[in-house]
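The values are calculated or read from the model by the stated rules, or taken from the named source; none is laboratory data. The structure presented is a predicted model; accordingly, all values stated were derived computationally and were not measured. Here the Cβ positions follow ideal geometry from the backbone for every residue, glycine too, while neighbour counts run over all protein chains shown. Ligands, DNA and RNA are excluded from the accessible area calculation, which covers all protein heavy atoms including side chains. Shrake-Rupley method; radii C 1.70, N 1.55, O 1.52, S 1.80 Å.
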Amino acid sequence: MTGVDHQDSATRLFRLSIGVFFIGGFLSSTISLFVPRMTLVYGLDYVGALLIQFAFHMSYLLFAIPIALAIIAMGYMRSAATGLTVMAASCMLFLWAHGLHSYAMILLALLALSAGITFLQIAANTVVAVVGSAEGAAYRLNLLQAFNSLGTVVAPLVAAQYVLGNPAATGLSAIVEIAPPFIFAILVLAALALIFFLNRTLLDRTVQANMGRVRLDWPVLLRNRRLVAGAVGIFVYAGAEVAIGALLVNYLVMPNVFGAAPVSAARMVSLYWGGAMLGRLVGAFAMKRIRPALLLMLAAIGAALLTLVAATMEGLTGGVALLAVGLCNSIMYPTIYVLALPEDPKLATPGGTLLCMAVVGGALVPMLTGALADRVGLATSLALPALCYLFIAAFARACRGSAV
């Protein structure tokens, strides 16, 4: 592949990935709204409600290795098409389970949806990072994450009324009640799956071979201290972001914070994700002048301080502080990912698999936060996400000499 052809493939792949990142953010943010639905409407405790996020994120641990092996066998473009198809089918299963009022079936549908997303996490993130200049990897992933954030901003504005507006519906009415945002997602996912399949030969065979002719050599991976530390960083980042995003509506409806109605509070969550979108756009360009590790350290320290303010103060100050954490979250995931990913392209897939498995923090940390909330109160439980951000700051400090 010539340099021109290689750059053209990287550009086309980036453009195709925009829709993937957008719809992924849209669905993740929509699913988060079901946590306050379970607590405020059905009266579940925080641990019971956060099973939503537990099921949604457990796939990263359960299926990451077989999915990585499938990606190696099928190639990146076919794998992305497969993941998108699984996501579309899972959305249909979710609607059906909701109509049955079966919490177990809902959780199963979310696990399947997460499996589809896992295909994209490993395939899309890794290939966008590897295909193109190494110096621009953090910039490209942060810019794509901005489109992911756009999806998370749109979702609460569009879906809040459907998820929290009429909870008494049953049977077919229950499906119709929540259907519009999911029908939109199904149509977008199906269209993207077709586009990726039609572009399945986009990557040159040599590029595919360099990234795919590998095996998951765990001893080699676990000896890479930066990769392991980065995996822990993604674990705690995913946990902190998911915990705050899932519990934000419950926090804002508290009488001593905003005392907002559930639908209004859900729409305010768009401010949280909007901060992430703005931060990713600004951060992507700032990284051309400031080392990514330094930006990551500053963002993590800011997130920790804001979360502690929300944990210890009430009213407008606490609510605004927790909403502002989204701005600090903005650059964390893609920057940790790029800083931790091995430089050898042949280790990109196994390294990306380990980093993807670490997203299981989005299942475990929220459950721990929910257990704390049930015991000591929601505000106080936010101390746990604050500790997560402090670890990320320490990881960034250790990577501050990196040229990435």
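Before moving on, here are some points about what is shown:
- Which numbered condition residue 335 fails, given (1) open to solvent by 10 Å² or more (accessible area, probe 1.4 Å); (2) of a type outside the set (A, V, I, L, M); (3) within 21 Å of the chain's Cα centre (by Cα): (1)
- Number of residues in segment 231-258 that are farther than 15 Å from residue 35 by Cα and either among the β-branched types (Val, Ile, Thr) or open to solvent by 50 Å² or more (accessible area, probe 1.4 Å) (or both) equals 8.
- Filter result for residue 237 (in contact with a helix residue (DSSP H, G or I) (Cβ under 7 Å, 6 or more places away or on another chain) and within 17 Å of residue 50 (Cβ to Cβ)): no
- Given (1) within 19 Å of residue 301 (Cα to Cα); (2) at pLDDT below 95, index of the condition residue 348 fails: (1)
One line per residue, one yes/no per condition, for (1) modelled with pLDDT under 95; (2) farther than 19 Å from residue 51 by Cα; (3) over 20 Å from the mean Cα position of the chain (by Cα):
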| site | (1), (2), (3) |
| --- | --- |
| 352 | yes, yes, no |
| 360 | yes, no, no |
| 368 | no, no, no |
| 373 | no, no, yes |
| 376 | no, yes, yes |
| 384 | no, no, no |
| 387 | no, yes, no |
| 392 | no, yes, no |
| 400 | yes, yes, yes |
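- Of all residues in segment 50-102 being of a type in the set (S, T, N, Q) and more than 23 Å from residue 201 (Cα to Cα), the one that is most open to solvent (accessible area, probe 1.4 Å): 102
- Selection within segment 298-334: residues that are modelled with pLDDT of 90 or more and hydroxyl-bearing (Ser, Thr, Tyr). The member of this set that is nearest to residue 71 (Cα to Cα) is 307.
- So residue 251, is it under 22 Å from residue 42 (Cα atoms) and modelled with pLDDT of 95 or more: yes
- So residue 113, is it open to solvent by 10 Å² or more (accessible area, probe 1.4 Å) and within 21 Å of the chain's Cα centre (by Cα): no
- Number of positions in segment 338-350 that are open to solvent by less than 10 Å² (accessible area, probe 1.4 Å), under 19 Å from the mean Cα position of the chain (by Cα) and not polar (S, T, N, Q): 2
- Near pairs, Cβ below 6 angstrom, 6+ apart or cross-chain, from segment 68-82 (part of a helix (DSSP H, G or I)) to any residue that is among the aromatic types (Phe, Trp, Tyr): 77/196; 79/119; 80/196; 81/196; 81/197; 82/119
- Of the residues making up segment 286-297, one or more are over 23 Å from residue 222 (Cβ atoms), touching a Lys or Arg at 6+ places or on another chain (Cβ under 7 Å), in a helix (DSSP H, G or I) and in contact (Cβ under 8 Å) with a residue 40 or more places away in the chain.
- Residue match in segment 306-318 (condition: open to solvent by 10 Å² or more (accessible area, probe 1.4 Å), at positive phi and assigned to a helix (DSSP H, G or I)): yes
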